[in-house]
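The values are calculated or read from the model by the stated rules, or taken from the named source; none is laboratory data. As the structure is a prediction and not an experimental result, all values here were calculated from the model. Don't worry about glycine lacking a Cβ; one is built from the backbone with ideal geometry, like all the others, and counts go over all protein chains shown.
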Amino acid sequence: MPYQQDLRQQLTQIQDMGTSATGFAKQITDVKVQKKAEEEAKAIADAKAKADAAWQKKQAAALAESQKKQQRETIKQTKQIAELTRRNTELARKTALSQKTPAQSDSLGGLTGPSAGKAKGILGVAASLKGIPYKWGGNTPQSGLDCSGYTKLVFARNGITIPRTSREQRKATPNVPASQARPGDLVFFAKNGVVHHVGIYAGNGKMWNSPHTGSHVKLQSVWRSSGDVVSYGRVPQAQSKLKSKSVNAYGLAILSKMGNK
C-alpha cells in the first residue's frame, strides 16, 4: 500500500540520517584528536627548541668567559715574565759590579781564565734562568733543567760548547785551586770519587745551580754535603765564540717561553 511504502521510506531515511550523524560525529572526534596530537607535538618541539637555544646561549657565555680568563692569565704571565726579567737583569748587573775580576784575563799555569766581559756574559745568562724548575735530564727552559743541562745551556748561550753531563764536564775542564777560582768557573761536587753535581761559580762563595728535584735554578752558597769533595774547573776559552748579546735579551728570549709551560 502507498501509505506503508511511504512509512518504510521515512524509516529508512531516519536510519540513514542516524548513520550519517554517527559518522559525522566520529569524524569530528577524529579531527579533534588529531589536532590535539599536533598541538602537543608542536608544544614539545617548541620546548626542545627553547631548551636548545638556552643551552647554546649558556655554552657561548661559558666560552666567552673562558677566553676572557685566558686573556687575563696571559696578561698576568707577561707581566710576571717582564718583572722577573727586570729583577734578574738587575741582579746580574749588581753581581757583575761586585766581582773582583780584573779587566783583562789572567793565566793559571798557562790556562787563561774568564775575562771580565766573558764572566759577565756567563753570569748574566745564569741569572736570567733563575726560577726554572729542576728536571732530571732536562735540557731546555720549557722542559726544566738538571744541573749539567743548566751549565751546558748557560755556556752555549755564550757561544761555548761543553759536554752534557757533570762527569764529562769535570773531565773536560782543567782543575783550578779553590783559592784561585774565578766567576764563570765551574764548581763540581764528588762523593767517593764520583762527580754528581755541577754549578757555576759566581764569586764570594756563591754559585748559580739547578740543585735537585723539587727545587729550581737559584743563586746560593757553595754547599758541601756529607762526604762531598768540592773542586773547580775552568772552561778553556779557546772553545769560546762569544756573541754580543745583552743580559736582558737573554732573559727575555728564554723567559718569554716559560709563559707557555
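On the stretch given as the range 61-83, residues that are over 19 Å from Leu129 (Cα atoms) and either among the hydrophobic types (A, V, I, L, M, F, W, C) or loosely packed, with under 10 Cβ neighbours inside 10 Å (or both) total 5. Mind checking whether some residue in the range 238-253 is modelled with pLDDT under 85 and touching a strand residue (DSSP E or B) at 6+ places or on another chain (Cβ under 6 Å)? Within the range 238-253 (the criterion being modelled with pLDDT under 85 and touching a strand residue (DSSP E or B) at 6+ places or on another chain (Cβ under 6 Å)), the answer is yes, since at least one residue qualifies.
Of all residues in the range 159-177, none are part of a strand (DSSP E or B), at pLDDT 95 or above, crowded, with 18+ Cβ neighbours inside 10 Å and hydroxyl-bearing (Ser, Thr, Tyr). One residue stands out among those in the range 221-237 that are exposed (fewer than 14 other Cβ atoms within 10 Å of the Cβ) and at pLDDT 95 or above: the one that is nearest to Ile122 (Cα to Cα), which is Ser221. Here Thr165, Thr161 are screened, and the one residue that is free of Cβ contacts under 8 Å to residues at least 24 places away in the same chain and not hydrophobic (A, V, I, L, M, F, W, C) is Thr165. Scanning the range 126-158 for residues that are crowded, with 24+ Cβ neighbours inside 10 Å, in contact with an Asp or Glu (Cβ under 9 Å, 6 or more places away or on another chain) and not in a helix (DSSP H, G or I) yields nothing. I need the full set of residues from the range 179-204 which are of a type in the set (A, V, I, L, M), surrounded by 14 or more Cβ atoms within 10 Å (Cβ to Cβ) and either more than 17 Å from Val154 (Cα to Cα) or touching a residue at least 60 places away in the same chain (Cβ under 8 Å) (or both), in order please. If the condition is that a residue be of a type in the set (A, V, I, L, M), surrounded by 14 or more Cβ atoms within 10 Å (Cβ to Cβ) and either more than 17 Å from Val154 (Cα to Cα) or touching a residue at least 60 places away in the same chain (Cβ under 8 Å) (or both), then Ala181, Ala190, Val195, Ile200, Ala202 are the ones that fit.
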